[in-house]
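The values are calculated or read from the model by the stated rules, or taken from the named source; none is laboratory data. Please read these numbers as outputs of a predicted model, since none were measured by experiment. When we count neighbours, we look across all protein chains shown, and the Cβ atoms used for this are built from the backbone with ideal geometry, even at glycine.
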Amino acid sequence: MTKKILILSASPRKNGNSDTLCEEFLKGAKEAGHDVEKIFLKDKKINVCLGCGLCTNNDYNGCSQKDDMEEILDKMIAADVIVMATPVYFYTMNAQLKTLIDRTCAKYTKIKNKEFYLIATAADENKQALDRTFDGIRGFLDCLDGAVEKKCIYAPGVWHKGEIKDSPSLKEAYEAGLNA
């Protein structure tokens with residue numbers, strides 16, 4: 001069965017370590033015949049949540065801000081599978097991914113019955129150091145009806161751009177895409 005897969009790359013560096021893992025996931029998913037789109041968040045304008053409360057007004061269906069988030073949110077709602085990838089900054093997800101998560105507030109109740117793959121890269125060589133990051137993302141998933149965490153791809157010990165090239169996580173990301 002063909003799935004609609006949305007990859008959200010929060011890397012601030014195109015072809016950075018976490019973005020490279022997104023590309024490997026994408027290759028595997030395309031090879032499996034899935035419909036795949038990757039959004040490089042740095043290329044999008046996503047403002048921080050203003051806490052204005054307009055999105056929680058029952059008469060309004062959206063956000064007061066007019067940026068790229070509405071388009072991304074609609075794609076999240078339409079997807080069968082969502083991949084969320086981030087570098088780890090100070091033992092948590094980066095600001096790009098957190099901002100995106102916060103801005104789902106306008107329609108998060110419509111992000112239902114999705115499979116999620118989580119990807120994190122970190123300079124720390126201890127794999128367990130990435131658990132805090134995954135736990136932060138799981139806080140978001142816990143708010144979504146029917147969210148299923150399929151796999152976490154850990155990539156410890158990579159800091160500088162390109163260090164991912166020797167990591168076994170490359171194969172793991174490709175195979176996750178292939179089997180999504």
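At a glance:
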quantity	calculated
Residue within segment 133-141 that is among the polar types (S, T, N, Q) and either more than 20 Å from ALA79 (Cβ to Cβ) or part of a loop (DSSP other than H, G, I, E, B) (or both) present	yes
Considering residues of segment 39-63 that are free of Cβ contacts under 8 Å to residues at least 40 places away in the same chain and farther than 15 Å from THR99 by Cβ only, the residue surrounded by the most Cβ atoms within 10 Å (Cβ to Cβ)	LEU54
Leading residue by the ranking (farthest from the chain's Cα centre (by Cα)) among those in segment 29-59 that are aliphatic (A, V, I, L, M) and part of a loop (DSSP other than H, G, I, E, B)	LEU50
Every pair of residues 6+ apart whose Cβ atoms lie under 6 Å, when the first sits in segment 136-162 and is of a type in the set (Ser, Thr, Tyr) while the second is surrounded by fewer than 18 Cβ atoms within 10 Å (Cβ to Cβ) and in a helix (DSSP H, G or I)	TYR154/LYS127
Residue satisfying all of: in segment 73-114; polar (S, T, N, Q) and surrounded by fewer than 19 Cβ atoms within 10 Å (Cβ to Cβ); nearest to THR133 (Cα to Cα) among these	THR92
Residue match in segment 98-106 (condition: touching a Cys at 6+ places or on another chain (Cβ under 7 Å) and modelled with pLDDT of 95 or more)	yes
Residue within segment 128-145 that is surrounded by fewer than 15 Cβ atoms within 10 Å (Cβ to Cβ), modelled with pLDDT of 95 or more and within 24 Å of HIS34 (Cβ to Cβ) present	yes
